[in-house]
Structure formats: structure tokens, C-alpha cells
1. For Ser138 and Lys162 in the same chain, what is the full-extension length gain: residue separation times 0.36 nm, less their Cα-Cα distance, in nm?
2. Kirkwood hydrodynamic radius (Cα pairs, Å) of the stretch 125-200?
3. Under a crude label model (7 Å from the Cα following the beta-carbon direction), how far is Glu196 from Thr47 in nanometres?
4. Count of lysine pairs in the chain with Cα atoms under 20 Å apart, counting only pairs 8 or more residues apart in sequence or on different chains?
5. Can you give the local net charge around Thr121? Use residues other than it whose beta-carbon is closer than 11 angstrom to its beta-carbon, Lys and Arg +1, Asp and Glu -1.
6. What residues have an amide H closer than 5 Å to that of Leu109, excluding those fewer than 5 places away on the same chain, when H is modeled at 1.01 Å from N in the peptide plane?
7. If I take R0 = 25 Å and measure r between the Cβ atoms of Gln35 and Asp122 in this structure, what FRET efficiency does the formula 1/(1 + (r/R0)^6) give, to the nearest 0.05?
8. Take the eigenvalues of the Cα gyration tensor for the chain, scale each by 5, and report the square roots as semi-axes in whole Å, largest first.
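The values are calculated or read from the model by the stated rules, or taken from the named source; none is laboratory data. Not measured: the values here are computed from a predicted model. Neighbour counts run over all protein chains shown; Cβ positions are idealised from the backbone, glycine included. Ligands, DNA and RNA are stripped out before the accessible areas are found, and what is left, the full protein with its side chains, is counted by its heavy atoms. Shrake-Rupley method; radii C 1.70, N 1.55, O 1.52, S 1.80 Å.
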Amino acid sequence: MNTKEEVMLQIKDTLVSLDLAERFFCCDLDTCLGQCCIEGDAGAPITEEERLKLEQVLPLIKNDLLPRALKEIEENGVSYVDEEGDLVTSIIDGKNCVFSTYAPGGKCLCAIEKAFREGKTDFRKPASCYLYPVRLTSYPTFTAVNYHRWNICRCAELLGRKNNIRLYKFLKGPLTDYFGKEWYEELEMACDAYLEQYGE
């Protein structure tokens, strides 16, 4: 069992930040209005496979996209390589993801996930979006699983604490889909054991 001094949990070939066990989190879309799809200086990280998926789903979601987002996609594609050399989704206005759509009241939603929920596609959205606020960093021998803290998600931390939902519990679906059921069950046991010993 990991001790308090250790800063990560080892789950198979991943090292998981203790933030997933310690932090409370539950998206509060009514408060933040989906700012994670708007703010930032680059698009969402994607793989080459996901880039192809985005191109395939585009005809299904065109009617939900902003006119200037469609123009950006037509002129420069669904993705670009950012300053750090990562492939990311295209953006407009220097920040807004081109796949954003808006509901009444100004709430920002993902047009891809909207199509997924409507049964139009089996592609929910890029993994980096589905797993957020967790970020993955791949190394030659392991993958680091970390919590990306951002001031716009403060309301999610407060709602998570209010409802007693830890980050690893909130992300059960995304983490299971990405890493597999066995991986998540091992993470859950490790987090539960850690909290039993060191939790608040």
C-alpha cells in the first residue's frame, strides 16, 4: 500500500495523482456555463485517430456550430499543431473550441457529445475532453494521470464537496471507458484504502 509520503498511486502501467482520491469534484455546468470549452490558449489535445473521427462526424453537427467556426474548419481544418507541438482541436477568437454549441442562457455545450446523446454517432468526444479535469501524459514506460486545477472549475470543487463526490468517483465512467473496468476497480480500491487511512 502507498504511504502518505508517496505522491502517486501505481495502477498497472499508470501513475495516478493522489488528487484523484483527495479532491472533491462534480461539474456544475449551471454555474460555469461550460467555460472549459471556451477559455484557454489552445484547443483540446487529440490523437490522429480522433482527428479522423472529428472529420467523419462533422456533417452531423454542422448545423449546431457557429458560422465562424465552420469558416475556420473550412479554411484550416478541424485541428492544428499548437506551440508545444501537440495536435489540438481548432479554435476561434483565440480560445473558443470550434465544436462548441450554445444552449439558451449562454450555456456552452459540446456539439459532438450532443450528437452522441441524440444517437447520431458512436463517438462521444475526444478523450482529453471526456476525461477532463484529468490530463494524461505519456512517457516511455508509464502514463501519468493528473488533475488539472483551473480557477473556472472552483464551482465544481465546491459542488463535489457539498455532495461528497471525490474526483475518482465523478470520473468513473470516463476512466473505465478509457482504461478498462479492471483498471478502474484497482484504482477505486487503492483510493478507498488511501482515504480510509488518510482521508478527511
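1. Extending this stretch completely gives an extra 5.3 nm.
2. For the stretch 125-200, inverting the mean 1/r across all distinct Cα pairs yields 13.6 Å.
3. Result for the modelled spin labels: 3.4 nm.
4. Close lysine pairs found across the chain: 25.
5. +3
6. Here the answer is Thr101, Tyr102, Ala103, since their amide H atoms fall under 5 Å of that of Leu109.
7. So, using R0 = 25 Å, E works out to roughly 0.35.
8. The answer is 31, 19, 15 Å, longest axis first.
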